[in-house]
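Okay, so here's the structure we're looking at.
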Amino acid sequence: MGTTTTLTAPVAKTYDWLSALREQGLEKLATLSWPGPKTEHWLHTPISKALAELPELSAELNSETVAALGQIGGLDAIRLVFVDGRFQSDLSTGRSGYAGQLSILSQLETSAQEQLEHRLNTTFERALNKDQHIGAWQNLSLLSDGLVIRVAADSQIDKPIHVVLVATPNSRSEQQATRIICDLERGAKACLIEHQVVLPGGQGSFSNQLTEIELEEGAVLDHYRLGLEGQSAVSLSAAHCALGAHARYQGFTLALGGRCQRHDLVVHHLHGGSHCELKGLYLPCDTEHVDVHSCIEHRLPNCTSNEVFRGIMAGKSTAVFNGRIHIHQDAQKTLAELSNRNLLLSPDAEVYTKPELEIYADDVRCAHGATVAQIDELALYYMQSRGISRIDAELMLSFGFINELVEKIELEPLAQFLKPVLQSLFTRAAAAQENPS
Amino acid sequence: MLSIKNLHAKIDDKQIINGLNLEIGPGEVHAIMGPNGAGKSTLSYIISGRDGYEVTAGEIALQGESLLDKEADERARAGVFLAFQYPIEIPGVTNMEFMKAAHDAHRKERGEQPLDSISFMKLAREKCKEVNLDPDFLKRGVNDGFSGGEKKRNELLQMMILEPKLVILDETDSGLDIDALQVVADGVNAQRNPDRSFIVITHYQRLLDYIVPDYVHVFSKGRIVRSGGKELAKELEQTGYGWISE
């Protein structure tokens, strides 16, 4: 059995209608224990320890600092800022004109609250493995605010929705959680960017973010998750998607690592003909830890999944990748592919990768592969033989390893924003490699 | 240009080069021929500075300066260029980035500013034309999915951009059909000049019909067992390498 970590109830209960939900969440959480090292889905991620050892820090961030966080140059988007789980209307821009499509949990009218209560409380229960997804229960127990995206049939939100999530050091003592609900009706389209930002000075923080997505027939969602919360952060995040017939979910996940960073990705193909595209990168450095668990449930025929994750581990960092594809008996003609490639930059870095295929249908095509490699000495030699120094060659090869995925990001300003972020990350990793402290 | 004196080298305790002596003057083309396993490719790795080869005795100097204490990239910047028998594929790094990084490094070595991207692109495109390679190849990953001939032309392209003093062509003819061989040989011949020397490593005399050497050396068991002019290559085509062991 796992060890139990005591959770403090949220201090501030500003939004009354959520408090009943929080209590239900706490009750459910109380029946579970935080996973220890013997819980399969948390084998390599000591979450209990990380939660118990959240750094004791407290600092006020002024609004100017926060306003500057998470800016993506050239991105024409609806910008919604949440600080320590609470919506900041003065820092948010571009929401007017989308009132029917975007609403903030804490600002809902009573009738809308009632409608949503059941959804918040129960939808994510669908086939949730309680041990694995304990973070979702914690999210309910700490729920402070969130965003509801609703797009009516055959319409779209014409700009990306850029949700900037800031966790200050205060999040340590006053734990809050945010929820994003994204429901796209038949044929609707939207683009969602969840952007967990790093704080200046790399201060410690805690965050729990859960996104629940329902795509009806033919709906299309582009979903970017940027986990840039920084070295000292403890974070739990998850995206749970349910796909209707011919719906299309295109996800890109970036996890830069943190003190302990866990991301769960769950996709349910609930009707025929849906497609999901899961792409992602995890890039921990120093002593960071990152864990990505994905699970794709194929329940009905003719659905397709394509999952590509790459990781680069530097310093003494650890990464975990678990990619499960579950093909139920009725899910004939499924096409599912999973590729996970890992690059270890240092002899002290570790990765635990586990692709899992569980297939009960006989007429399906599935492929999965996982590789772990060090940087290719032959490629290094080739580059050096052209006059490129070893350190520059390592940087180019590391960047090249993930650049294929960055290049495929369709939202050009986002790709341009990420490139220098990733470059500086590898420069830091390479410098640490050259001059180990 | 290049001076190799009494070179002995080993890899994993296996002695591969056994007392090699070779003097190459500026502008000269030397062919090195010999049977499989003679150590021909090893010699190219040792000159270019690949890790894992241990020089146990002797000396290699380029224009009077020892290469042995230099890393592979330093040797390249000093003017050594190895055209690989099997050029390495590097998906994710574009040909253009790769060549620009190499060109920048060479310029930095000479105390010059790197070319701006547009000027470099112009240079690379011009050189592409000379080796009959579609400039679209500049946008692709380094050698990624290139055919054998395209890879060799890409090697040639890098040589033209970096303008080395010493070029080693390691089995450049392998995997090429006659037409591709002609293109590559024409490219090499166009690069011959009084300040640039070549070592052409090959099994077959065929390549030497296109790239005519000044000297031919027969390599066996890690050293030169016979040297001569270009006519030696023709003779070897008749006699084979069987006589060496006698």
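What follows is calculated from the coordinates using simple rules that are stated; it is not laboratory data. In this text the structure is predicted, and so the values were computed from the model without any measurement. No Cβ is skipped: glycine too gets one built from the backbone with ideal geometry, and neighbour counts run over all protein chains shown.
For A:Lys38, give me every one of the lysines with a C-alpha distance below 26 angstrom, ignoring sequence neighbours fewer than eight places off in its own chain. Cα-Cα hits under 26 Å: A:Lys28, A:Lys49, A:Lys130, A:Lys316, A:Lys354. Computed across the stretch B:135-242, the Kirkwood radius stands at 15.2 Å (inverse of mean 1/r, all Cα pairs). Cβ-Cβ distance of B:Glu23 and A:Glu407, R₀ of 35 Å, FRET efficiency by 1/(1 + (r/R0)^6): the value works out to about 0.10. Ranking A:Pro301, A:Ala361, A:Ser205 by Cα position along the charge dipole of the protein assembly as shown, where only Lys, Arg, Asp and Glu carry charges on their C-beta atoms, puts A:Ser205 farthest toward the positive end.
What does the average come to when, for each residue of peptide B:42-53, you count the partner chain Cβ atoms lying within 10 Å of its Cβ? Intermediate values should be presented prior to the final figure.
Working: counts 0, 0, 1, 2, 0, 0, 3, 3, 6, 5, 2, 0.
Per-residue shielding by partner chains comes out at 2.
Charge dipole (Cα centre; +1 on Lys/Arg Cβ, -1 on Asp/Glu Cβ; no other charges) of the protein assembly as shown amounts to roughly 560 debye. Legend: calculated FRET efficiency, A:Asp348 to B:Asn36, from the Cβ-Cβ distance at R0 = 41 Å, rounded to 0.05, equals 0.50. Can you find, among B:Leu208, B:Thr239, A:Cys182, the residue farthest towards the positive end of the dipole of the protein assembly as shown? Put +1 on the C-beta of Lys and Arg, -1 on that of Asp and Glu. The one lying farthest along the dipole's positive direction is B:Thr239. Computed from point charges on the beta carbon alone (+1 for Lys and Arg, -1 for Asp and Glu), the dipole magnitude for the stretch B:187-231 about its Cα centre is near 220 Debye.
With viscosity set to 1.306 mPa s at 10 °C, what whole-number translational diffusion coefficient in µm²/s follows for the stretch B:135-184 from Stokes-Einstein and a Kirkwood radius over Cα pairs? Let's see the in-between values first.
On the way: Rh = 11.7 Å.
The estimated diffusion coefficient comes to 136 µm²/s.
Grouping the Cα pair distances of the stretch B:38-145 into 10 Å bins from zero gives a pair-distance distribution of 12, 36, 34, 16, 2 percent in increasing distance order.
From the convex hull of the Cα coordinates of the stretch A:48-121, what is the mean projected area in square nanometres?
Numbers: hull surface 32.2 nm².
For the stretch A:48-121, the mean projected area of the Cα convex hull comes to 8.0 nm².
When Rg and Dmax are taken over the Cα atoms of the stretch A:367-437, they come to 14.1, 42 Å.
Report the residue, chosen from B:Gly39, B:Gly111, B:Gly148, that carries the largest GNM mean-square fluctuation when chain B is represented by alpha-carbon nodes joined by springs under 10 Å. The residue with the greatest mean-square fluctuation here is B:Gly111. In units of the rule-of-thumb radius 2.2 N^0.38 Å, the protein assembly as shown shows an alpha carbon radius of gyration of 1.16.
I need B:Lys151, B:Lys129 ordered by Cβ neighbour count within 10 Å, fewest first.
Values: B:Lys151 22, B:Lys129 10.
The fewest-first ordering by Cβ neighbours comes to B:Lys129, B:Lys151.
Can you pull the mean other chain C-beta count within 10 Å for peptide B:71-79?
Numbers: counts 3, 12, 13, 3, 3, 6, 5, 1, 1.
That works out to 5 on average.
List, in the order given, every pair from B:Lys5/B:Lys151; B:Lys10/B:Lys152; A:Lys189/A:Lys408; B:Lys122/B:Lys151; B:Lys70/B:Lys151 whose Cα-Cα distance in the structure shown is over 30 Å. Those over the limit are B:Lys5/B:Lys151.
Structure remark: mean-square fluctuation, Gaussian network model of chain A, C-alpha springs under 10 Å; the largest value among A:Asn340, A:Asn403, A:Asn302 belongs to A:Asn403. Using Stokes-Einstein with the Kirkwood hydrodynamic radius over Cα pairs, what translational diffusion coefficient do you get for the stretch B:4-45 at 4 °C and a viscosity of 1.567 mPa s, in µm²/s rounded to a whole number? Reported coefficient: 112 µm²/s.
The translational diffusion coefficient of the stretch A:307-420, from Stokes-Einstein at 10 °C and 1.306 mPa s with a Kirkwood hydrodynamic radius over alpha carbon pairs, comes to 97 µm²/s.
Mind checking which of B:Ser66, B:Ser41, B:Ser197 has the largest fluctuation in a GNM of chain B, springs on alpha carbons under 10 Å? Sorting by GNM fluctuation, first place goes to B:Ser66. Can you give me the distance in nm between label points at B:Ser66 and B:Asn6, each placed 7 Å from the Cα along the Cα-to-Cβ direction? It works out to 1.4 nm between the two label points. Computed from the C-beta positions of A:Asp158 and B:Lys165 and an R0 of 51 Å, the FRET efficiency is 0.30 to the nearest 0.05.
Relative to the present Cα-Cα distance, how much length would full extension add between A:Glu53 and A:Thr110 at 0.36 nm per residue of separation?
On the way: separation 57, 0.36 × 57 = 20.52 nm, distance 3.87 nm.
Length gained, A:Glu53 through A:Thr110: 16.7 nm.
With one equal scatterer per alpha carbon and no solvent term, the Debye-computed log10 I(q)/I(0) for the stretch A:255-309 at 0.19, 0.20, 0.23, 0.27 1/Å reads -0.67, -0.71, -0.83, -1.00. Each Lys or Arg adds one and each Asp or Glu subtracts one; over the other residues with Cβ under 10 Å from the Cβ of B:Leu115, this totals 0.
Value of Rg to Rh for the stretch A:215-355, rounded to two decimals, is 1.03; Kirkwood radius and Rg both from alpha-carbon coordinates. Taking every DSSP bridge with both residues inside chain B, close to 60 percent are antiparallel.
Just need the Rg to Rh number for chain B, please, alpha carbons only, Kirkwood Rh. Spell out each step's value before the answer.
Working: Rg = 17.9 Å, Rh = 18.6 Å.
Rg divided by Rh gives 0.96.
With the cut-off at under 17 Å, measuring from each backbone N in the stretch A:250-293 to a point 7 Å along the Cα-to-Cβ line of A:Glu356 picks out A:263-269, A:291-293.
Quick check: convex hull over the Cα atoms of the stretch A:166-284, volume per residue in Å³, rounded to an integer? It would help to have the intermediate numbers written out before the result.
Values: hull volume 9.2 nm³, N = 119.
Looking at the stretch A:166-284, the number lands at 77 Å³ per residue.
Please work out whether the stretch A:330-397 counts as rounded, prolate or oblate from its C-alpha gyration tensor, where a ≥ b ≥ c are the square roots of the eigenvalues and a/c under 1.5 means rounded, while otherwise a/b larger than b/c means prolate and anything else oblate? Cα axes put the stretch A:330-397 in the prolate bin.
For the protein assembly as shown, give me the percentage of DSSP beta bridges that are antiparallel, rounded to the nearest 5 percent.
Numbers: 33 of 180 bridges.
That works out to approximately 20 percent antiparallel.
Based on the convex hull around the alpha carbon atoms, the stretch B:179-246 presents an average projected area of 5.3 nm². Extension gain, A:Lys38-A:Thr371: 0.36 nm per intervening residue step, less the Cα-Cα distance, totals 117.4 nm. Rounded, prolate or oblate: which one fits the stretch B:31-97, using the alpha carbon gyration tensor with axes a ≥ b ≥ c (rounded when a/c is under 1.5, else prolate when a/b beats b/c, else oblate)? Oblate.
How many partner chain Cβ atoms sit within 10 Å of a residue's Cβ in peptide B:88-97, on average, as a whole number? Mind showing how you got there, number by number?
Working: counts 8, 4, 11, 4, 13, 10, 4, 0, 0, 4.
Other-chain Cβ atoms within 10 Å of each residue's Cβ, averaged: 6.
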